[in-house]
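Take a look at this one; I'll ask things after.
Laboratory data are not the source of any read-out in this text; all were calculated from the coordinates shown. Note that the coordinates shown come from a computational prediction; the quantities given were computed from them, not determined experimentally. Glycine gets a Cβ as well: all are built from the backbone with ideal geometry, and neighbour counts include every protein chain shown.
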Amino acid sequence: MTTLHHSTFGQGKPIVLVHGWAMHSGIWAEFAEQLAQHYQVTCIDLPGHGYSEKCDAFTLETISQALVDSVPDEASCWLGWSLGATVVLDIARRFPNRVNSLILLAGNPLFIKTDEWNGMKWSVLEEFAKQLTENCQATLLRFLSLQVKNLPDYKTVLKTLKLALAQCKSPDEETLLGGLAILKHADLRMVLADIKVPVCFILGAHDTLVPMAVGENLLQLNSAIKLNIIDKAGHVPFLSHQQDVLTIISDFMDDQ
């Protein structure tokens, strides 16, 4: 069993926060503290990230199993950001009794753009994978810059991201490439189409990684999805537009 680092604080309905690619649970920081004023919040490091042990293979199956094994055996709201959104969708598929609602923050059930689905170009993720093997740190910094591109206060948000990244040793190359492989190949659209629990999507209008246009795709897939688009936000709305995200989550949770 892979031991994952996690912390739980606050009281109320349980929410588990799952971070994105190359990051760790420290990225939630003040956002998690604000959320914990009303809910029981668990922040957890993915395998091989932050202070968590590395798993044998960084696949959705092993990640999902490790996460549900590490938190209390109860139905919770799972909030996933970016790659974390893909992970919590997979948890909903494999362990439906552990999920009573989903909040998908700057996530996409199919990250790659196709003729009928909005997403990232395959070539961009391929280039990331190539650059990781050449200069891992420079590639991570480029990824952080993409997340805040076009934001009015991008320098401030980028500084926060860089400080968070520096708190822990970066995941090794194998783990990072495994995460990119998930983003390139995972297709969880049918999970969303058939899901029985409430789902809330929060997208940024200026997100360069998960385009706002995917919102139309999502509603065509499942009209019951609660879709929220934050104007002028990018890929990290919980940092750049914290109060907006907190209000959306509060409204969604109050309806459960």
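Run Lys130 past the list (1) closer than 24 Å to Thr208 by Cβ; (2) touching a helix residue (DSSP H, G or I) at 6+ places or on another chain (Cβ under 7 Å) and report the number of the one that doesn't hold.
Lys130 satisfies every listed condition except (2).
Same structure, new question: Among the residues of the stretch 135-159, write down those that are in contact (Cβ under 8 Å) with a residue 24 or more places away in the chain and buried (at least 18 other Cβ atoms within 10 Å of the Cβ).
Residues satisfying the conditions are Leu140, Phe143, Gln147, Val148, Leu151, Val157.
Go through (1) in contact (Cβ under 8 Å) with a residue 60 or more places away in the chain; (2) within 23 Å of Ala193 (Cα to Cα); (3) among the hydroxyl-bearing types (Ser, Thr, Tyr) for Thr114 and report which single condition fails.
(1)
Let me ask something else. For the stretch 31-44, which residues satisfy the criterion of being without any contact (Cβ under 8 Å) to a residue 60 or more places away in the chain and either charged (D, E, K, R) or touching a strand residue (DSSP E or B) at 6+ places or on another chain (Cβ under 7 Å) (or both)? Before the answer, list the steps.
Of the residues in the stretch 31-44, the ones without any contact (Cβ under 8 Å) to a residue 60 or more places away in the chain are 32-33, 36-37, 40-44.
Residues satisfying the conditions are Ala32, Glu33, Ala36, Gln40, Val41, Thr42, Cys43, Ile44.
Given the residues Asp69, Asp73, which is the only one that is over 14 Å from Gly179 (Cα atoms) and in a helix (DSSP H, G or I)?
Asp69
Is there a residue being without any contact (Cβ under 8 Å) to a residue 24 or more places away in the chain and either of a type in the set (A, V, I, L, M) or surrounded by 17 or more Cβ atoms within 10 Å (Cβ to Cβ) (or both) anywhere in the stretch 163-173?
yes
Next question, about the same structure. Given (1) assigned to a helix (DSSP H, G or I); (2) surrounded by 21 or more Cβ atoms within 10 Å (Cβ to Cβ), where does Gly50 come up short, assuming only one miss?
Among (1) assigned to a helix (DSSP H, G or I); (2) surrounded by 21 or more Cβ atoms within 10 Å (Cβ to Cβ), Gly50 violates only (1).
Next question. Look at the stretch 117-140 and say how many of its residues are out of contact with any Phe, Trp or Tyr (no Cβ under 9 Å at 6 or more places or on another chain) and more than 30 Å from Gln220 (Cα to Cα).
The number of residues fulfilling the criteria is 12.
Restricting to the stretch 8-30, and then to whatever is surrounded by fewer than 22 Cβ atoms within 10 Å (Cβ to Cβ) and either in contact (Cβ under 8 Å) with a residue 40 or more places away in the chain or among the β-branched types (Val, Ile, Thr) (or both), can you tell me which residue is nearest to Asp172 (Cα to Cα)?
Filtering first and then ranking leaves Gly26.
Kindly provide the set of residues from the stretch 217-256 that are free of Cβ contacts under 8 Å to residues at least 40 places away in the same chain, touching a helix residue (DSSP H, G or I) at 6+ places or on another chain (Cβ under 8 Å) and closer than 20 Å to Gln11 by Cα, ordered by number.
Of everything in the stretch 217-256, nothing turns out to be free of Cβ contacts under 8 Å to residues at least 40 places away in the same chain, touching a helix residue (DSSP H, G or I) at 6+ places or on another chain (Cβ under 8 Å) and closer than 20 Å to Gln11 by Cα.
Right, next: Considering the stretch 1-23 alone, what residues qualify as being outside any strand (DSSP E or B) and among the hydrophobic types (A, V, I, L, M, F, W, C)? Please lay out each step first, then the result.
To start, the set of residues in the stretch 1-23 that are outside any strand (DSSP E or B) comprises 1-5, 10-13, 19-23.
If the condition is that a residue be outside any strand (DSSP E or B) and among the hydrophobic types (A, V, I, L, M, F, W, C), then Met1, Leu4, Trp21, Ala22, Met23 are the ones that fit.
Table: residues versus (1) surrounded by 22 or more Cβ atoms within 10 Å (Cβ to Cβ); (2) over 29 Å from Val157 (Cα atoms); (3) over 16 Å from the mean Cα position of the chain (by Cα).
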position: Ala57; (1), (2), (3): no, yes, yes
position: Gly84; (1), (2), (3): yes, no, no
position: Ala129; (1), (2), (3): no, no, yes
position: Thr133; (1), (2), (3): no, no, yes
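Shifting gears a bit: Of the residues in the stretch 231-241, how many are assigned to a helix (DSSP H, G or I) and more than 15 Å from the chain's Cα centre (by Cα)?
Residues that pass the stated criteria total 1.
Scan Leu219, Leu177, Leu188 and give me the residue that is under 22 Å from Val16 (Cβ atoms) and either buried (at least 17 other Cβ atoms within 10 Å of the Cβ) or not small (Gly, Ala, Ser) (or both).
Leu188
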